[in-house]
Amino acid sequence: MDRLPSWIRQHLAAIRAVIVLTVILGGIYPLVITGVAQALFNSKADGQIIEKNGAEVGSAIIGQNFTDKDGNPIGKYFQSRPSAAGDGYDMLSTAASNLGPEDVVDTLPVPGATDDEGNPDTGSQSLLTQICARSKAAGELNGVSGARPYCTADGVGAVLKVFPAAGKPTRAVSVNQACPAAPFIADYQGVKVECGKPGEDYSAGRTVPVRGDAPTPAVPADAITASGSGLDPNISVANADLQAPRVAKERGLDVAKVRSLIDENTTGRALGFMGEPAVNVLQLNLALDDLASGTGQ
């Protein structure tokens, strides 16, 4: 080996290092961690799967949808918070949307246009419009106002593109409201507001979000925002309280009984001081089903 050129010896050393690290970090370490998890935290390591009548119905630590075959919320169930993980709560695509607070302008779909695969152009919604649409839908589902600051009445971001000249606006466009929709405000600083025309480039304009006069939102934040993982199985107590009257009405129950079940399925702050109390949606919905079947208290 000593007679080999130095560059060959360096490459051989690198190869040996890769092999050793692969065995340790790619084989031994995962096996040890898996063994410890199975020995000490068996239920959690296996996903805390919940069974009912001999069938697996979900996980206590992974969220899921409670919707019909068309994706519409089932009224008698509490609804989970939104998910940006794949098509929703996909463990193989766990992620946030990666959209930030400055993402407020939609890309409007162009009628008749298609993408590279021939599918109709659907445009893309900004984070703001996603929030507005979810809040509007949650409000309608639960019989409260879904109005929020910076949202239009039709559930999109209240955002203008303003084009100035000589320091004064000469044109204003409600870029998230596609024509022929009526803009959420008639004029901006004396200039008539136009509806957005799909396919038109408004990038030269100044982006102006408009707060409006919406009251304090009735829909809690976690009802309209996805968690960082997209797998959150819990909702806030405020979110559960919002949904309680609707669930009680759908099931013919007294709302006080539904709120009692919420309390029973609420966990406190982690370690007594971290985070906020949370309600496990799957366990709460199973408790409601047990009550309806006569197996609950």
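Taking segment 124-136 as the region of interest, how many residues are without any contact (Cβ under 8 Å) to a residue 40 or more places away in the chain and open to solvent by 50 Å² or more (accessible area, probe 1.4 Å)?
3
So that you can scan it fast, the table gives a plain yes or no per residue for (1) in a strand (DSSP E or B); (2) of a type in the set (Phe, Trp, Tyr); (3) within 27 Å of Asn239 (Cα to Cα):
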site: Leu160; (1), (2), (3): yes, no, no
site: Asn176; (1), (2), (3): yes, no, no
site: Gly199; (1), (2), (3): no, no, no
site: Ala214; (1), (2), (3): no, no, yes
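The rows are residues; the columns are (1) in contact (Cβ under 8 Å) with a residue 24 or more places away in the chain; (2) under 17 Å from Pro101 (Cα atoms); (3) buried (at least 18 other Cβ atoms within 10 Å of the Cβ).
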residue: Leu160; (1), (2), (3): yes, yes, yes
residue: Pro164; (1), (2), (3): yes, no, no
residue: Ser174; (1), (2), (3): no, no, yes
residue: Pro183; (1), (2), (3): no, no, yes
residue: Val193; (1), (2), (3): yes, no, yes
residue: Gly196; (1), (2), (3): yes, no, yes
residue: Gly205; (1), (2), (3): yes, no, yes
residue: Asp213; (1), (2), (3): no, no, no
residue: Thr216; (1), (2), (3): no, no, no
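Could you list, in sequence order, all residues of segment 267-287 that are free of Cβ contacts under 8 Å to residues at least 60 places away in the same chain, over 21 Å from the mean Cα position of the chain (by Cα) and outside any loop (DSSP other than H, G, I, E, B)?
Thr267, Ala270, Met274, Ala287
Taking only pairs six or more apart or across chains, which ones have beta-carbon atoms under 9 Å, a first residue in segment 247-259 that is over 14 Å from Leu141 (Cβ atoms) and open to solvent by 70 Å² or more (accessible area, probe 1.4 Å), and a second residue that is part of a helix (DSSP H, G or I) and modelled with pLDDT of 95 or more?
Filtered contacts from segment 247-259: Asp254/Ala248; Arg259/Ala240; Arg259/Asp241; Arg259/Ala244; Arg259/Ala248.
Give the residues of segment 261-285 that are open to solvent by 40 Å² or more (accessible area, probe 1.4 Å) and out of contact with any strand residue (DSSP E or B) (no Cβ under 7 Å at 6 or more places or on another chain), sorted by residue number.
Those that are open to solvent by 40 Å² or more (accessible area, probe 1.4 Å) and out of contact with any strand residue (DSSP E or B) (no Cβ under 7 Å at 6 or more places or on another chain): Asp263, Glu264, Gly268, Arg269, Ala270, Leu271, Gly272, Phe273, Met274, Gly275, Gln283.
Among the numbered conditions (1) open to solvent by less than 30 Å² (accessible area, probe 1.4 Å); (2) farther than 30 Å from Gln177 by Cβ; (3) in a helix (DSSP H, G or I), tell me where Asp290 comes up short.
(1)
Table: residues versus (1) in a strand (DSSP E or B); (2) open to solvent by 80 Å² or more (accessible area, probe 1.4 Å); (3) in contact (Cβ under 8 Å) with a residue 12 or more places away in the chain.
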site	(1), (2), (3)
Ser80	no, no, yes
Pro101	no, yes, yes
Val104	no, no, yes
Pro109	no, no, yes
Asp116	no, yes, no
Thr122	no, yes, yes
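The values are calculated or read from the model by the stated rules, or taken from the named source; none is laboratory data. The structure displayed is predicted, hence computed values, not measured ones. Positions of Cβ are backbone-derived with ideal geometry, glycine not excepted, and every protein chain shown enters the neighbour counts. With ligands, DNA and RNA removed, areas are computed over all heavy atoms of the protein, side chains included. Shrake-Rupley method; radii C 1.70, N 1.55, O 1.52, S 1.80 Å.
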